[in-house]
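The values are calculated or read from the model by the stated rules, or taken from the named source; none is laboratory data. Keep in mind the model is a prediction, meaning the values are calculated, not measured. Ideal geometry is used to build each Cβ from the backbone, glycine not excepted, and the neighbour counts take in all protein chains shown. Accessible surface areas use protein heavy atoms only, side chains included; no ligands, DNA or RNA. Shrake-Rupley method; radii C 1.70, N 1.55, O 1.52, S 1.80 Å.
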Number of protein chains: 4
Amino acid sequence: VFQEDEYRLGSVCNPDPQVRRRATEHLLECVEIAAATGSPTVSLWFADGTNYPGQDDITARQQRLAEALSEVYAALPEGIGMLLEYKLFEPGFYTMDVPDWGTSLVHCLALGDKANVLVDTGHHAPGTNIEFIVASLLRLGRLGGFHFNSRFYADDDLLVGAADPYQLFRIMNEIVAAGAHLPGSGVAFMLDQCHNVEEKVPAELRSVMNVQEATAKALLVDREALRSAQAEGDVMAANAVLVDAFSSDVRPLLAELRQEMGLGPDPLSAYASSGYAERARAERAGGAGQGWGG
Amino acid sequence: VFQEDEYRLGSVCNPDPQVRRRATEHLLECVEIAAATGSPTVSLWFADGTNYPGQDDITARQQRLAEALSEVYAALPEGIGMLLEYKLFEPGFYTMDVPDWGTSLVHCLALGDKANVLVDTGHHAPGTNIEFIVASLLRLGRLGGFHFNSRFYADDDLLVGAADPYQLFRIMNEIVAAGAHLPGSGVAFMLDQCHNVEEKVPAELRSVMNVQEATAKALLVDREALRSAQAEGDVMAANAVLVDAFSSDVRPLLAELRQEMGLGPDPLSAYASSGYAERARAERAGGAGQGWGG
Amino acid sequence: VFQEDEYRLGSVCNPDPQVRRRATEHLLECVEIAAATGSPTVSLWFADGTNYPGQDDITARQQRLAEALSEVYAALPEGIGMLLEYKLFEPGFYTMDVPDWGTSLVHCLALGDKANVLVDTGHHAPGTNIEFIVASLLRLGRLGGFHFNSRFYADDDLLVGAADPYQLFRIMNEIVAAGAHLPGSGVAFMLDQCHNVEEKVPAELRSVMNVQEATAKALLVDREALRSAQAEGDVMAANAVLVDAFSSDVRPLLAELRQEMGLGPDPLSAYASSGYAERARAERAGGAGQGWGG
Amino acid sequence: VFQEDEYRLGSVCNPDPQVRRRATEHLLECVEIAAATGSPTVSLWFADGTNYPGQDDITARQQRLAEALSEVYAALPEGIGMLLEYKLFEPGFYTMDVPDWGTSLVHCLALGDKANVLVDTGHHAPGTNIEFIVASLLRLGRLGGFHFNSRFYADDDLLVGAADPYQLFRIMNEIVAAGAHLPGSGVAFMLDQCHNVEEKVPAELRSVMNVQEATAKALLVDREALRSAQAEGDVMAANAVLVDAFSSDVRPLLAELRQEMGLGPDPLSAYASSGYAERARAERAGGAGQGWGG
């Protein structure tokens, strides 16, 4: 039986207890692998959901999810945390079993301190204010990390910052305001993107640069001026503090910083001139030849 | 100072502590009135939010909200509960301080058992699965009640069931499945609508009828057949159980029931033939005349 | 070169004239096949679009599209029409070259009377009023046909009528009001769905039944009462005419009709008892066995 | 009768011919005023729509709209054009009679060359690509103008560029690419905003500055490099051309330009130090006193 067939009606939320058992065993194996490889987190996203009203019982599925999570959580060794990701829709088109941050948080609260919410920036309904969710989770000490990407419509998985750089800046502004960009904050920053029309490595480099630029701009925010304008209820002035930081061109600053670190000022040029792409292509061609020929 | 001016930047979340104090005092007065009038609940919706990034600190506002709620909650006499309503946007166009069920739930959990979430069916982002939220809150014992209405776009406040009768049915299906339609369930069912182009009393009657029809259909759902099809993973059959109930015409049944209760079979005809509208109009014309003439 | 690679940046809108040429040749071949097979329409949907701002010139792509369409249109033999489908997003996540009915219509108007708009019910932005588009295209004589399906979020491709049966009824109501359900109206009614969790043939049967029920309800609308209430500006009464038709249970009527036509009253039972599924499975198993064994 | 009562069911689309007549007469009067005052355009937005399915006939309303527009168009003197604005929803919550650019365009095409589409940046469904519409209308020679503002959710009417400055840049990029920012292009650039929490005059100044910055960035786009990268299908490079222009800080440039024109480098400081706000307040206080006392 192919995995997609077995999990057609869900994994840990499947109505069939045998399928749920196999899915949970698989998760427990992941915990073992995390322990063996020294990974600090087990990050969970479930493709579980339903397509049609009545297809399954919403509440029963929540209960099954809670049971599986509880078993996996209990198996976490010292020093390994759990991240629970939410997603509005897809592959489930009627319900997803963890569709929003509220559902993820409810499960994390039931599990304990080591379970936290993972925010994928492409997994929200239109109009959702993501930085509000980030700020709320930070306030509760429950922001586990990010899957960064950007979107114009749904879970488009474009380069982070490509669709709405101001939104990325506002997210990083909440992160910086809370000190969550500092080492030891416990927030995991990850990319989760899909490169259909662009070269993969340059796309990843550009993504990292976009997050760097947004972070640099967030660090430029004059927090004292911001607090003061907010306290006085001066809307235009308070907004201007953020906008001024965002309107700044931080690229020369970042280039300088890279050079101070002994790196090329522009990662994309450095990559292009490194010859890595050509080397990798050559090696893979050879490797593939051997592989298939063997 | 007009209220709208004073509360321009928020009520209990306002950056100005004096405004917050006045807003909290007002809420405490509401609790007193509820006690004096025997109202079982104090239902809170806050028009608090911001229009521009940076206008105010998201986290500080959550803190202020938590403090005000805590003070009001502490003042609740025995037997009076608190409902906390959420709304995605409007009047705040950048943030609302309670934009979603997650935020409302977080505050209710911090307050205690007497604070529960109020679901206004028009206060969600496009694509939000409302019955999922209803089922989740029922599972957690935290569904406080409803503001019923319907919408095609935003908070349109049309007659409940007018935009998507199947959605209303699915909501009532979760309610009925959990027994929350029964007296003593503690869930408050309220209408919150706006009648711009239609007559108000008939519109309210029709709204009640729409909820009655959706409830009747939910009661027709063959729960044993549903559970059995769900357990077998028979998607088409499980969905068909719901659809069959929804496709049934429950109007004759409800007409019969009304007649058994000594009422007219059709509330709208009964209202029209009662002469109430004409009497009310005549009385008000007189009353208004006296009022303005006095 | 695989097709997906070649068409990575578009087919007839591709910046590369050679790729465009191949795509257009492919379309011309389709016209020939249509002529050879007696198909009355060539139905076009383009996966063309872009993922990133600046990736390509929006206007230049429209021009390329217009040129290809014009060449294909010119090749249409007597009696064969062209349908141009639109889709908001996917696979293009920044632009689609035909994202909405307006764009499709603009191209059809430029081409001539034989080019008409195809409406896929899952290809709109949230909140789009599809029956308004249907009514507008009917008024202009430019509705070419439908790809029926239903959706809660995006292009979910669920069974038509499964997500919002009232919407399907409202669409069919515009069709019936304009007489476009009658033979010779020139409107093509097609299903375009994806069955991930349900059995395919029963799903297709159910879809046809859903369209039949919506059409039957639309035929029940008391058009004289509707017109009269609309003319008097009686909002509640006019709406009630539609709602009454929708609330009616047309299943017995349709069952009767099927029996009069010598068919089983319930297509799903008839299918189940026909043994077709088992026969097909057996035949395919044999065929596949031979195929793989050969 | 109050206007809102009379126009409750629409103005030129009202089912009552007498109301339609009055609405059309009012429009004809507007044309006369435009002629008398030397206004180059009559800009039309209709609050017409319906709230409930069946409330009125969608097609009949289009016909009534076409008739009224045709009469007004015929009355336009030499040199006066007509703009037709569209809006997705509100005040109509089921249909708006001109909900999208397609509908507006259809009417403009039927009227003639002097009727063009007006784009209000807040009047679209979530996910709509506004610059695509702008580019499409420019290609057809049918872009009449803009109502600029910004939004996170619906028709929020916030300061233009406040919600998504990158979107404003992309819109201005299409304008600049087509030369439509140049005098004589015939495109009218207007602000249509609502200042609920911020001071009005600074808000308008800031809005103009935001459009200036977006335009300056659009002028910085290296069009030759863009075309070349697009032609080569180099997605990352083509996107980078746009992003580089957007990431530039154009504020020093604009400050310099203002000084060359003999203006203060920062309009907001210039306004604050001008004493205008205080003078206007003082005059209004006196003027109001006199006015009401007279």
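A compact table of results
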read-out	value
Cβ pairs under 7 Å, 6+ apart, first in the range B:109-120 and touching a residue at least 12 places away in the same chain (Cβ under 8 Å), second among the small types (G, A, S) and open to solvent by less than 10 Å² (accessible area, probe 1.4 Å)	B:N116/B:G144; B:V117/B:S104; B:V117/B:G144; B:L118/B:G144; B:L118/B:G145
Residue list for the range C:233-271, filter: within 14 Å of chain D (Cβ to nearest Cβ) and open to solvent by 30 Å² or more (accessible area, probe 1.4 Å)	C:D234, C:M236, C:A237, C:D244
Some residue of the range A:266-274 being closer than 30 Å to A:A178 by Cα and modelled with pLDDT of 95 or more	yes
Residue within the range D:20-27 that is in contact with a Gly (Cβ under 9 Å, 6 or more places away or on another chain), surrounded by fewer than 18 Cβ atoms within 10 Å (Cβ to Cβ), modelled with pLDDT of 95 or more and of a type outside the set (G, A, S) present	no
The range C:32-49 - residue that is out of contact with any helix residue (DSSP H, G or I) (no Cβ under 8 Å at 6 or more places or on another chain) and within 14 Å of another protein chain (Cβ to nearest Cβ) and, of those, nearest to C:K114 (Cα to Cα)	C:A47
Restricting the range D:77-106 to residues that are touching a Ser or Thr at 6+ places or on another chain (Cβ under 6 Å) and in a loop (DSSP other than H, G, I, E, B), the residue that is farthest from D:Y52 (Cα to Cα)	D:Y86
Residue match in the range C:65-86 (condition: within 8 Å of chain D (Cβ to nearest Cβ), more than 21 Å from the chain's Cα centre (by Cα) and surrounded by fewer than 24 Cβ atoms within 10 Å (Cβ to Cβ))	no
Subset of the range D:118-141 [within 11 Å of chain C (Cβ to nearest Cβ) and either open to solvent by 20 Å² or more (accessible area, probe 1.4 Å) or among the small types (G, A, S) (or both)]	D:A125, D:P126, D:G127, D:T128, D:N129, D:A135, D:S136, D:L138, D:R139, D:L140
Condition check for C:G144: outside any loop (DSSP other than H, G, I, E, B) and either of a type outside the set (S, T, N, Q) or more than 19 Å from D:I58 (Cβ to Cβ) (or both)	yes
Some residue of the range B:209-221 being basic (K, R) and within 14 Å of chain A (Cβ to nearest Cβ)	yes
When residues of the range B:158-180 are limited to those that are assigned to a loop (DSSP other than H, G, I, E, B) and facing another protein chain (nearest Cβ under 8 Å), the one nearest to B:T215 (Cα to Cα)	B:A178
Residue within the range C:21-36 that is of a type in the set (S, T, Y) and in contact with a strand residue (DSSP E or B) (Cβ under 6 Å, 6 or more places away or on another chain) present	no
Any hit, the range C:181-189, residues being crowded, with 19+ Cβ neighbours inside 10 Å and in a loop (DSSP other than H, G, I, E, B)	yes
Any hit, the range B:206-215, residues being open to solvent by 40 Å² or more (accessible area, probe 1.4 Å), in contact (Cβ under 8 Å) with a residue 24 or more places away in the chain and within 17 Å of the chain's Cα centre (by Cα)	yes
The range B:92-117 - residue that is more than 7 Å from every other protein chain (Cβ to nearest Cβ) and either under 26 Å from D:D155 (Cα atoms) or basic (K, R) (or both) and, of those, surrounded by the fewest Cβ atoms within 10 Å (Cβ to Cβ)	B:K114
Qualifying residue in the range A:189-211 (condition: farther than 23 Å from A:L268 by Cβ, in contact with a helix residue (DSSP H, G or I) (Cβ under 7 Å, 6 or more places away or on another chain) and aliphatic (A, V, I, L, M))	no
Only one of B:D164, B:D156 that is touching an Asp or Glu at 6+ places or on another chain (Cβ under 8 Å), buried (at least 19 other Cβ atoms within 10 Å of the Cβ) and not aromatic (F, W, Y)	B:D164
Given (1) in contact (Cβ under 8 Å) with a residue 40 or more places away in the chain; (2) within 12 Å of chain A (Cβ to nearest Cβ); (3) open to solvent by 10 Å² or more (accessible area, probe 1.4 Å), number of the condition B:H147 does not satisfy	(2)
Residue list for the range C:29-56, restricted to those being crowded, with 22+ Cβ neighbours inside 10 Å and farther than 23 Å from C:H147 by Cα	C:T50, C:N51, C:Y52, C:P53, C:G54, C:Q55, C:D56
From D:D113, D:D97, D:D156, residue being of a type outside the set (A, V, I, L, M) and closer than 30 Å to D:N239 by Cβ	D:D156
Residue pairs meeting the criteria (Cβ under 8 Å; at least 6 apart or on separate chains; first farther than 12 Å from D:C108 by Cα, in the range D:70-87; second in a loop (DSSP other than H, G, I, E, B) and open to solvent by 40 Å² or more (accessible area, probe 1.4 Å))	D:L76/D:K114; D:G79/D:P40; D:I80/D:P40; D:I80/D:K114; D:K87/D:W45
Residue match in the range D:22-38 (condition: part of a loop (DSSP other than H, G, I, E, B) and in contact with a Lys or Arg (Cβ under 6 Å, 6 or more places away or on another chain))	no
Residue identified as modelled with pLDDT of 95 or more, part of a loop (DSSP other than H, G, I, E, B) and not acidic (D, E) among A:A60, A:A110, A:A125	A:A125
Helices (runs of 4 or more DSSP H) (entirely within the range B:199-267) containing at least 2 residues that are farther than 30 Å from A:D16 by Cβ	B:200-220, B:251-260
Residues of the range C:222-231 satisfying the condition of being of a type outside the set (A, V, I, L, M) and either at the interface with chain D (Cβ under 8 Å from one of its Cβ atoms) or touching a helix residue (DSSP H, G or I) at 6+ places or on another chain (Cβ under 8 Å) (or both)	C:D222, C:R223, C:R227, C:Q230
